[in-house]
1. Cβ-Cβ distance below 6 Å, separation of 6 or more or different chains: which pairs start in the stretch 578-601 with a residue that is closer than 12 Å to F566 by Cα and end on one that is open to solvent by 60 Å² or more (accessible area, probe 1.4 Å)?
2. Which is open to solvent by 60 Å² or more (accessible area, probe 1.4 Å) and not in a helix (DSSP H, G or I), of K223, K219, K262?
3. Does the stretch 434-458 hold any residues that are of a type outside the set (A, V, I, L, M, F, W, C) and in contact with a Lys or Arg (Cβ under 6 Å, 6 or more places away or on another chain), and which are they?
4. Can you tell me which residues in the stretch 317-336 are assigned to a strand (DSSP E or B) and among the charged types (D, E, K, R)?
5. Conditions: (1) in contact with a strand residue (DSSP E or B) (Cβ under 7 Å, 6 or more places away or on another chain); (2) open to solvent by 70 Å² or more (accessible area, probe 1.4 Å). T467 meets all but one. Number of the miss?
6. Mind counting the residues in the stretch 456-487 that are charged (D, E, K, R) and touching a helix residue (DSSP H, G or I) at 6+ places or on another chain (Cβ under 8 Å)?
7. Scan the stretch 657-681 for residues that are open to solvent by 80 Å² or more (accessible area, probe 1.4 Å) and modelled with pLDDT under 85 and jot them down.
8. Out of N344, N395, I need the residue that is of a type outside the set (S, T, Y), open to solvent by 80 Å² or more (accessible area, probe 1.4 Å) and modelled with pLDDT of 80 or more. Which one?
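The values are calculated or read from the model by the stated rules, or taken from the named source; none is laboratory data. Bear in mind that the values here come from a model prediction, so they are computed numbers and not experimental data. When we count neighbours, we look across all protein chains shown, and the Cβ atoms used for this are built from the backbone with ideal geometry, even at glycine. Remember, those area values only see protein heavy atoms, side chains included, never the ligands or the DNA or RNA. Shrake-Rupley method; radii C 1.70, N 1.55, O 1.52, S 1.80 Å.
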Amino acid sequence: MDQNNPKSLKSLWKWYKQKVYENCTGRSDAENRLEYWRNQLFAATVLYLIPLSFIVLIPGIYMAFVEQLVYLIVADIIAVISLLLIAFAPRISVYLRKVIFCIAFYLVSIALLFYLGTFGPGLMYLLAMSVFVVLILDQRYGVGVVVLNIIVCVALGVEVNINLLDSAALSNYELDSWVAVSSNLVFLSLLAVILIPKLFDGLEKSMEKQNRLRSEIEKNQQKLEKSVERVEQKNRELSRSEENYRNLFELSPLPMYVFDMKSYKFLDVNKAMVKKYGYSRRELLSKTIKDVRPREEIPRLVEKVNEVGNSSEVHEVGVFKYRKNNGEIVLADITTTTVDYEGNIARLVIANDITEQKKAEEELQKSKARLQGIIDSQTNYLIRTDLEGYYTYYNSKFEKDFGWLHNTNDLIGLHCMESIMEYHHEKVVKIVEKCLKTPNRVFQVEIDKPGKNNDVRTTIWDFVCLTDLSGSPSEIQCVGIDITEKKISENKLKQSLEEKNTLLAEIHHRVKNNLAVVSGLMQIQAFEEDNKEVEAKLLDSVSRIRTMASIHELLYESKSFSQINFSSMVKKLSADITSAMKGEKKIGLEISDEPIQLNINQAIPCAIMINEVLTNAFKHAFNGKNEGKIEVSIETAGEKVTVSVRDDGVGFEEGKVKDSGSLGLNLIQILTQQIEGEYQYKNADPGTRFTIEFVKKDIKGAASSLTI
């Protein structure tokens, strides 16, 4: 047969064995448990019983067929089917397979006894089942089998006695002989049920003992392996440690040496020690550590060596002086511990040269003292607090003025709110919150503090949040100054200024009223005058006085007595003149202006000139005409101001105007010079155009600098 054929006998047997063991052993894989071996025995029994059963099955069925023992044939067939079910049926527990096995073969045993009597294998099968049940299950089931055997023997004994079922095999027995045979069966079954569990108990105890012994051996072996591994690791570490020590000792940038604690002799020195102190290695090894110290240091050296003794701890024994080979004295910070040096206890010393560090520290202390002196001499307050508001620093000026509020000589750790008036606490909290949100930005705040004389001191502070190296807020720094006297002076000045402004406003108001009275008197005088020329001049003067009154009215209403809104003034002035002089003629007025503030000493002259030009236009420009238009414009180009008045009237003869010598024209010339400007008064086509140009200046005068 081809061995590579998957259906070969070998492959078939392998497959068959695998199936039987999978179904009959379950998942128990603990060889140290008795259940494992019960299942293994059961699987092996099923494995070999199926093929071997055909040795007895075929002759047995043939004999039963010849003897016409139908039920025996049925029992044999049931037994075979049960074996196949046990071996191949899936999803059946091992326990159930064992039960099916026992029931099937128990039925076969009973059938054999019934049909063949003691001449058949029935009694042997019953005895074998008693033994097998104890082997694959446990003692409880063995006891059940013994009880069942007794019941079967009793039942068959009854059959032997009365022959109820007409069994030919049993009819040949006498009751006493059957009792003898069956009692032996029960005896042997009971003996097997008693002895085999004893054997199993001993076996299980031996297995447990063996398992414990194996476990202990494994643990001890693991401990031994770990111990060996630790020893090897220690040896490796020791080797590395010695190598590292030598490398660390030799290559260290700090001077290091080993000395004997009894003789104080150098035992070993590193390269840094040789280089730093200027001795050769041979010179140092021939000296003691006392030889490289100033004489006054030796008693302290001996005291420290005795003090640390043989302690293996690391000791920082302080700063000692060393004398270099050239005689220079240096300072070294000494750290020491004990070491094993060639089997003897010695001291390893690290001598860190701090000479330059000490010099730097001294300079730093001097610098701090100078800085503190500068800070303490300041008239400003300087404090620092943590983020909770507790003092971490304050200068002497702050302590002098506000330290008394805390009733202690040291303010560190006290809260800053104790020196702030309660009504300003919330203000301080808000300013600190702003500082924390934007570190390194300065915020200014005015804070009231209690004074020593039961008064309130007004202070102004610059708050800033300082940060650490990571950029996180660390402290709040506050620099302040007492502005109480300044505030008092400012309040007095403000009060004085308010009184002055009130007085000026009242003066302007009274001037306006007085000008109105004068204007009214002159107007009455004009109306009573018979001479038309005098009347006209009086009315012209009334117009000029009204212009000045309007300016004073605007000043009274404004917040400044030195600057005036010139555009507003021109609009009001033009509207007043138009209302008073246009009469029945339809004369329109257009004003094109830009917002402009003028010094009062430029605004008044310029307004008087506009009054003269507008008045003249209404009087003479529209003779013989019923309608017309006057345009007033104000333009600025940087500091340059251009005022223009234009009408579309009949114009004038330029020669007559220049030679007229009128008061209005003389006023225009004088006022133009006053504001340092230039003017033009000429015909336009149609009408006339008056233009004046000047530069905005802060011309000083009686009211030019009074501002609130």
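1. Listed pairs, sorted by first residue: Q597/Q563; N599/D698.
2. Numbers: K223 fails: not in a helix (DSSP H, G or I); K219 fails: not in a helix (DSSP H, G or I).
The conditions single out K262.
3. To start, the set of residues in the stretch 434-458 that are of a type outside the set (A, V, I, L, M, F, W, C) comprises 434, 437-441, 444, 446, 448-455, 457-458.
The answer is K449, G451, R457, T458.
4. K321, R323, D333, listed by residue number.
5. T467 satisfies all of (1) in contact with a strand residue (DSSP E or B) (Cβ under 7 Å, 6 or more places away or on another chain); (2) open to solvent by 70 Å² or more (accessible area, probe 1.4 Å) except (2).
6. 2
7. If the condition is that a residue be open to solvent by 80 Å² or more (accessible area, probe 1.4 Å) and modelled with pLDDT under 85, then K658, D659, L663 are the ones that fit.
8. One residue alone meets the criteria, N344.
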